[in-house]
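Just below is one structure, and these are the notes that go with it.
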């Protein structure tokens with residue numbers, strides 16, 4: 001009876017230990033801006049202020065929006081390519097059978113933010129005159 005109980009205990013313990021030894025992949029992306037301090041929005045989700053590191057789930061295209069007072073808003077995208085060990089069917093092995101945490105860190109090239117161009121008073125007046133004349137012409 002004791003042997004049966006010990007066998008049952010080992011039978012139950014082995015899957016638990018195997019699950020504890022299963023590895024996984026931690027995917028991290030790092031975004032820097034010049035100058036630093038821009039709000040970083042990735043796929044419509046705020047991830048922080050640059051320089052910032054954040055976790056991502058899948059490889060592929062990401063929409064990136066960068067905002068900083070006094071600078072033009074930058075809307076762009078960046079493609080994160082999978083490393084060789086994340087290609088199917090190798091990804092099954094790297095995520096389930098290797099008993100360590102694999103860290104996949106991507107540093108995106110720094111994004112250059114351009115200062116906001118403030119128009120002169122003459123430019124604003126000229127544009128207002130053009131819009132008024134256009135509205136008057138369309139109204140005739």
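In the range 67-81, the qualifying residues are those that are in a loop (DSSP other than H, G, I, E, B) and either within 28 Å of residue 118 (Cβ to Cβ) or at pLDDT below 90 (or both), and the one that is farthest from the chain's Cα centre (by Cα) is 70. Hey, any hits in the range 126-137 for a residue that's touching a strand residue (DSSP E or B) at 6+ places or on another chain (Cβ under 7 Å) and free of Cβ contacts under 8 Å to residues at least 60 places away in the same chain? Checking the range 126-137: not a single residue is touching a strand residue (DSSP E or B) at 6+ places or on another chain (Cβ under 7 Å) and free of Cβ contacts under 8 Å to residues at least 60 places away in the same chain.
Has the range 27-39 got any residue that is modelled with pLDDT under 95 and either in a loop (DSSP other than H, G, I, E, B) or within 16 Å of residue 108 (Cβ to Cβ) (or both)? The answer is yes; a qualifying residue exists.
The listed residues are 51, 115, 110, 89, and the only one of them that is modelled with pLDDT under 90 and either loosely packed, with under 11 Cβ neighbours inside 10 Å or out of contact with any helix residue (DSSP H, G or I) (no Cβ under 9 Å at 6 or more places or on another chain) (or both) turns out to be 89.
The values are calculated or read from the model by the stated rules, or taken from the named source; none is laboratory data. What you see is a predicted model; the values in this text were computed from it and never measured. Glycine gets a Cβ as well: all are built from the backbone with ideal geometry, and neighbour counts include every protein chain shown.
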